[in-house]
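Right, one structure below, let's go through it.
The values are calculated or read from the model by the stated rules, or taken from the named source; none is laboratory data. All of these numbers come straight from a predicted model, not from anything done at the bench. Note that we place each Cβ from the backbone using ideal geometry, even for glycine, and neighbour counts take in every protein chain shown. Side chains are part of the model used for accessible areas, which takes the heavy atoms of the whole protein and leaves out ligands, DNA and RNA. Shrake-Rupley method; radii C 1.70, N 1.55, O 1.52, S 1.80 Å.
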Number of protein chains: 2
Amino acid sequence: MDDDAGAGPRRASRGRGTPAHRTTADVTPTSSDALSRPTDTPGTRILISAAVETMSEKGYNGTSVRDIADRAGMSPAVLYHYFGSKHDLLVAIMHRTIDHLTERCEAVLAGAPPDPARRLRRLVREHVLVHTELRREAVLGVGEMHSIEQRERALLIAKRDRHERMFHRVVNDGAACGAFGTPYPSEAVRGILTMATGVSVWFREDGPLTAAEVAERFGRLALALVEADPGA
Amino acid sequence: MDDDAGAGPRRASRGRGTPAHRTTADVTPTSSDALSRPTDTPGTRILISAAVETMSEKGYNGTSVRDIADRAGMSPAVLYHYFGSKHDLLVAIMHRTIDHLTERCEAVLAGAPPDPARRLRRLVREHVLVHTELRREAVLGVGEMHSIEQRERALLIAKRDRHERMFHRVVNDGAACGAFGTPYPSEAVRGILTMATGVSVWFREDGPLTAAEVAERFGRLALALVEADPGA
């Protein structure tokens with residue numbers, strides 16, 4: 001949760017006068033550590049962090065390969081070597097974000113009791129927690145989907161659909177057994193996912209609630225939404 | 001609700017080979033009619049529609065003044081004459097969108113009975129309806145806020161806050177009189193606003209539900225969320 005730690009010094013390096021090829025990066029991997037894969041080099045991780053930070057500030061279209069490379073303290077050639085293009089770097093971030101989210105939520109469900117209310121509550125809590133940890137990645141994932149080329153977009157949407165099906169299954173199970181009274185399980189899932197994902201937009205680590213408190217409250221809101229016993 | 005009508009022919013004009021200064025626009029004001037003001041000329045309205053369409057497809061940063069002018073069938077000079085810059089055109093769209101949304105919701109509340117459940121339901125329904133009518137404008141309003149310069153962004157956020165206060169007041173009233181059981185009225189409002197605004201992202205006019213049906217369902221979901229009697 002040290003997402004913003006050191007943001008000041010890092011951000012200080014974004015001006016045009018910044019030397020392009022420092023030997024030490026002024027970006028250390030932070031939230032994007034969650035996105036790393038076993039085969040990653042330190043360079044890959046730093047580039048991902050630098051891209052997330054820069055694209056979050058300037059938007060994908062407003063960010064150049066040079067901007068990302070500068071922030072990572074590398075040459076653009078290194079970025080091209082690892083990711084091929086700015087587009088493919090964004091694609092990699094999006095794939096890793098949705099993969100991480102789904103893995104976390106699947107793990108929570110695997111360990112949850114069969115009761116639909118408890119399963120939904122745990123699922124929502126985990127979804128919210130991930131969205132407090134990977135705020136910027138999640139915002140990019142929603143806001144820059146239109147920047148992704150058709151083929152990759154279809155793959156990402158298929159992954160997102162798979163993630164959402166977990167929620168639909170739990171809510172449909174609860175509706176089928178009478179634990180959830182909502183007449184609109186499909187819209188209820190849309191509502192839950194939208195509000196739980198939206199946490200990434202407004203959550204602040206220095207805000208009045210911790211990530212765990214927000215996750216807890218949204219777990220209860222989700223139960224209310226499906227018209228379960230909210231104290232379940 | 002003829003938002004997408006004629007999108008095909010209009011979109012056909014977006015290529016690079018498009019003549020820049022046609023004498024007739026291939027954009028007719030559609031959803032953005034709701035955003036027009038009495039002092040607008042037909043040119044202003046067409047430019048706003050063209051900007052909404054182009055920015056929705058390519059993002060703000062990926063859209064040039066030339067793209068908007070081409071789509072509007074005007075010269076860039078006309079855009080500069082009316083709006084000063086691409087930035088100020090986006091600012092105008094955002095102000096008009098939030099103004100329209102707030103006016104519609106205030107009007108609905110003004111005519112609503114004092115019962116908090118009915119007030120909340122009507123408020124949410126209207127908020128959802130506006131977000132089915134001004135889908136692209138709403139998505140731009142959320143997704144491109146980071147493209148707006150500081151001073152204007154503060155004004156827009158103040159307007160958004162004023163809009164949101166309507167919801168907070170109604171939910172707080174309901175919580176105070178015991179009509180709403182939620183222990184988390186503040187997060188409930190965040191949840192309601194996020195899911196009701198999110199309709200603009202997924203609603204399709206050719207989808208399985210009409211705008212009115214979606215609005216009705218989200219009205220009920222909102223009542224469930226605050227733990228009111230959902231049939232109220």
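When the residues of the range B:77-104 are narrowed to those that are assigned to a helix (DSSP H, G or I) and without any contact (Cβ under 8 Å) to a residue 24 or more places away in the chain, which ends up most open to solvent (accessible area, probe 1.4 Å)? Give the derivation first.
At the first step, the residues of the range B:77-104 found to be assigned to a helix (DSSP H, G or I) are B:77-83, B:86-104.
Next cut, without any contact (Cβ under 8 Å) to a residue 24 or more places away in the chain only: B:77, B:80-81, B:88, B:103.
Numbers: B:ALA77: 65, B:TYR80: 112, B:HIS81: 143, B:ASP88: 70, B:GLU103: 115 Å².
In this case the residue turns out to be B:HIS81.
Quick one: in the range A:70-104, which of the residues that are basic (Lys, Arg) and away from chain B (no Cβ under 14 Å) is nearest to A:VAL128 (Cα to Cα)? Filtering the range A:70-104 for residues that are basic (Lys, Arg) and away from chain B (no Cβ under 14 Å), the one nearest to A:VAL128 (Cα to Cα) comes out as A:ARG104. Taking the criterion of being closer than 23 Å to B:ILE93 by Cα, charged (D, E, K, R) and within 12 Å of chain A (Cβ to nearest Cβ), the only residue of the range B:162-215 that qualifies is B:GLU164. The residues in the range A:169-187 that are open to solvent by 50 Å² or more (accessible area, probe 1.4 Å) and polar (S, T, N, Q) can be counted, and the count is 2.
Is there a residue in the range B:139-150 that is farther than 22 Å from B:THR54 by Cα and open to solvent by 50 Å² or more (accessible area, probe 1.4 Å)? Yes: the range B:139-150 contains one or more residues that are farther than 22 Å from B:THR54 by Cα and open to solvent by 50 Å² or more (accessible area, probe 1.4 Å).
Just need a number here: residues in the range A:216-232 that are farther than 15 Å from B:ALA222 by Cα and either at the interface with chain B (Cβ under 8 Å from one of its Cβ atoms) or surrounded by fewer than 21 Cβ atoms within 10 Å (Cβ to Cβ) (or both). Can you show your working first?
Step one: list which residues in the range A:216-232 are farther than 15 Å from B:ALA222 by Cα, which gives A:216-217, A:219, A:229, A:231-232.
Among the residues that remain, those that are also either at the interface with chain B (Cβ under 8 Å from one of its Cβ atoms) or surrounded by fewer than 21 Cβ atoms within 10 Å (Cβ to Cβ) (or both) are: A:216-217, A:229, A:231-232.
Of the residues in that region, 5 qualify.
Quick test of your reading of the structure: A:ASP67 fulfils all but one of (1) open to solvent by 20 Å² or more (accessible area, probe 1.4 Å); (2) within 14 Å of chain B (Cβ to nearest Cβ); (3) within 19 Å of A:HIS146 (Cα to Cα); (4) not basic (Lys, Arg). Name the failing condition by number. That leaves (3) as the condition not met. Within the set B:ALA50, B:ALA107, B:ALA117, the sole residue that is of a type outside the set (S, T, N, Q), in a helix (DSSP H, G or I), within 30 Å of B:VAL170 (Cβ to Cβ) and open to solvent by less than 40 Å² (accessible area, probe 1.4 Å) turns out to be B:ALA117.
Considering only the range A:168-183, I want to know if a residue exists there that is under 30 Å from A:GLU53 (Cβ atoms), in a helix (DSSP H, G or I) and either touching a residue at least 60 places away in the same chain (Cβ under 8 Å) or of a type outside the set (Lys, Arg) (or both).
Of the range A:168-183, the ones under 30 Å from A:GLU53 (Cβ atoms) are none.
Among the residues of the range A:168-183, not one is under 30 Å from A:GLU53 (Cβ atoms), in a helix (DSSP H, G or I) and either touching a residue at least 60 places away in the same chain (Cβ under 8 Å) or of a type outside the set (Lys, Arg) (or both), which makes the answer no.
Consider A:ALA107 carefully, then state whether it is modelled with pLDDT of 95 or more, more than 12 Å from chain B (Cβ to nearest Cβ) and more than 13 Å from the chain's Cα centre (by Cα). So A:ALA107 passes the test. Take the residues of the range B:134-158 that are in a helix (DSSP H, G or I) and of a type in the set (Val, Ile, Thr): which is farthest from the other protein chains (Cβ to nearest Cβ)? In this case the residue turns out to be B:ILE157. A:THR30 passes every criterion in (1) at pLDDT below 50; (2) open to solvent by less than 60 Å² (accessible area, probe 1.4 Å) apart from (1). Kindly establish whether A:GLU149 is touching a residue at least 60 places away in the same chain (Cβ under 8 Å) and within 13 Å of the chain's Cα centre (by Cα). Spelling it out, it is not the case that A:GLU149 is touching a residue at least 60 places away in the same chain (Cβ under 8 Å) and within 13 Å of the chain's Cα centre (by Cα).
Take the conditions open to solvent by 60 Å² or more (accessible area, probe 1.4 Å) and under 25 Å from B:VAL139 (Cβ atoms) and apply them to A:ARG190. Does it pass? Write out each step before concluding.
Details: open to solvent by 60 Å² or more (accessible area, probe 1.4 Å): yes; under 25 Å from B:VAL139 (Cβ atoms): yes.
So A:ARG190 fits the description; yes.
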